[in-house]
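The values are calculated or read from the model by the stated rules, or taken from the named source; none is laboratory data. Nothing here was measured: the structure is a model prediction, and the numbers come from that model. Every residue, glycine as well, gets a Cβ built from its backbone with ideal geometry; the counts of neighbours run over all protein chains shown.
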Amino acid sequence: MPHGLILDLDSTVETVYGDQAGAAKGTNPHKPGRKSYHPLLAFEGKSRLNLNAVLRPGNTHSSTNAADFLKQTFDLLGERKVKYARFDKGFGGEDFYRLWESNNIGYVGKLKWTKRLAKEVRACRYWTRYVDEEWIIEGITLIYKATSWTKSRCIAIIRKTQVFEHGQGRIVFDEDWQYEALVTNLEWAPIDLWRFYNQRCCMENYIKEAKNGFSMDRIATSEFEANTLDLLIKLLSYNLFERFKSDCCEPVHQRYTIARFRLEFFHCAATLVRHSRSVVLKLIKDFGNQHAWKRIEAKVVQLE
């Protein structure tokens with residue numbers, strides 16, 4: 001695991017189809033009105049490994065018990081230090097921000113765009129332009145205090161709009177600006193904060209892989225504790241596969257999903273032969289990636 005960890009927080013919805021213990025009706029974009037679980041997940045931004053997870057009822061908010069979850073994650077990491085953290089607008093609150101600040105962890109989090117914040121931004125006149133092409137991207141930094149905060153914090157505002165060509169000139173309409181707000185304790189330029197935060201979007205792929213490749217969203221039992229253990233086992237399998245790819249596979253294979261890896265290496269032609277009252281499965285002797293597989297096998301042996 002790399003030094004100077006980047007902690008990415010997110011949550012996801014797992015729909016249930018029964019009376020599983022702990023399931024509850026909440027925000028469910030895929031199956032509105034269905035009961036669900038709402039796991040809270042922490043991934044490491046560079047290695048893509050899952051660091052911690054907790055199963056929660058579906059009616060919990062993204063930030064519910066997030067501070068306790070983070071403290072548990074820090075305990076699990078031991079001497080490994082978290083350098084940066086990223087999270088979306090579902091997370092927040094004074095206790096949540098203070099936890100990062102007290103541990104000297106630089107954080108960048110999406111902030112909800114409220115009328116009060118929009119009013120503050122409208123008063124800003126001097127924007128720094130970073131991109132001036134088909135899209136214009138500008139940024140500004142201001143000190144802002146939300147109603148639930150006990151102190152003011154640094155807010156980076158990024159706005160972008162598409163340019164329209166009109167004869168010899170270029171037109172930008174004020175009403176077409178798209179605004180994003182980021183709360184942070186880092187002294188970076190707004191464009192750097194925005195780009196660093198946007199790298200967090202890969203986390204959606206990590207969760208998708210855990211669901212599609214390792215059936216994280218398949219609820220195994222009706223017991224809450226057993227489903228919690230099932231979630232952790234599946235995420236352990238996800239981690240083992242990620243480590244296997246980084247330690248044993250060639251660069252071209254390190255971005256493979258488990259589904260593609262199975263297709264490339266484990267799915268092969270075979271013939272089922274019945275002879276002398278016995279059934280024999282004869283596998284094809286040669287396959288396309290056999291030489292790459294031999295090199296992977298050699299690296300696996302070296303790990304022992």
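Details
- Condition met for Ala42 (closer than 29 Å to Phe74 by Cα and either surrounded by fewer than 21 Cβ atoms within 10 Å (Cβ to Cβ) or outside the structural domain of Asn239 (by TED's automatic domain parsing) (or both)): no
- Set Ala146, Ala123, Ala189, Ala118: member being out of contact with any Ser or Thr (no Cβ under 7 Å at 6 or more places or on another chain), more than 25 Å from Asp10 (Cα to Cα) and either surrounded by 11 or more Cβ atoms within 10 Å (Cβ to Cβ) or touching a residue at least 24 places away in the same chain (Cβ under 8 Å) (or both): Ala118
- Residue match in the stretch 29-36 (condition: assigned by TED's automatic domain parsing to the domain that holds Tyr84, touching a residue at least 60 places away in the same chain (Cβ under 8 Å), under 22 Å from the mean Cα position of the chain (by Cα) and not in a loop (DSSP other than H, G, I, E, B)): no
- Those residues of the stretch 176-217 which are within 22 Å of Lys83 (Cβ to Cβ), touching a helix residue (DSSP H, G or I) at 6+ places or on another chain (Cβ under 8 Å) and of a type in the set (S, T, N, Q), in sequence order: Thr184, Asn185
- Qualifying positions in the stretch 199-217 - without any contact (Cβ under 8 Å) to a residue 40 or more places away in the chain and surrounded by 13 or more Cβ atoms within 10 Å (Cβ to Cβ): Lys208, Ser215
- When the stretch 45-81 is filtered for residues that are part of a strand (DSSP E or B) and either touching a helix residue (DSSP H, G or I) at 6+ places or on another chain (Cβ under 7 Å) or not assigned by TED's automatic domain parsing to the domain that holds Arg195 (or both), the ones remaining, listed by number, are Asn50, Leu51, Asn52, Ala53, Val54.
- The residue that is farthest from Lys110 (Cα to Cα), among those in the stretch 27-38 that are in contact with a Ser or Thr (Cβ under 6 Å, 6 or more places away or on another chain) and surrounded by 15 or more Cβ atoms within 10 Å (Cβ to Cβ), is Arg34.
- Residue within the stretch 280-291 that is in the same structural domain as Asn28 (by TED's automatic domain parsing) and either free of Cβ contacts under 8 Å to residues at least 24 places away in the same chain or in a strand (DSSP E or B) (or both) present: no
- Considering residues of the stretch 1-40 that are farther than 17 Å from Gln199 by Cα and of a type in the set (A, V, I, L, M, F, W, C) only, the residue modelled with the lowest pLDDT: Met1
- Scanning the stretch 82-111 for residues that are assigned to a strand (DSSP E or B), more than 20 Å from Ala189 (Cβ to Cβ) and of a type outside the set (A, V, I, L, M) gives a single hit, Phe87.
- Hits in the stretch 185-212 - residues which are of a type in the set (A, V, I, L, M, F, W, C), closer than 21 Å to Tyr144 by Cβ and touching a Leu at 6+ places or on another chain (Cβ under 8 Å): Leu186, Leu193, Trp194
- Going through (1) in contact with a helix residue (DSSP H, G or I) (Cβ under 6 Å, 6 or more places away or on another chain); (2) not in a helix (DSSP H, G or I) one by one, Thr271 falls short only on (1).
- Selection within the stretch 112-146 - in a helix (DSSP H, G or I) and either within 27 Å of the chain's Cα centre (by Cα) or not assigned by TED's automatic domain parsing to the domain that holds Trp194 (or both): Leu117
Let's see how each residue does on (1) at pLDDT 80 or above; (2) closer than 28 Å to Leu303 by Cα:
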residue	(1), (2)
Lys245	yes, yes
Thr257	yes, yes
His267	yes, yes
Arg277	yes, no
Phe287	no, yes
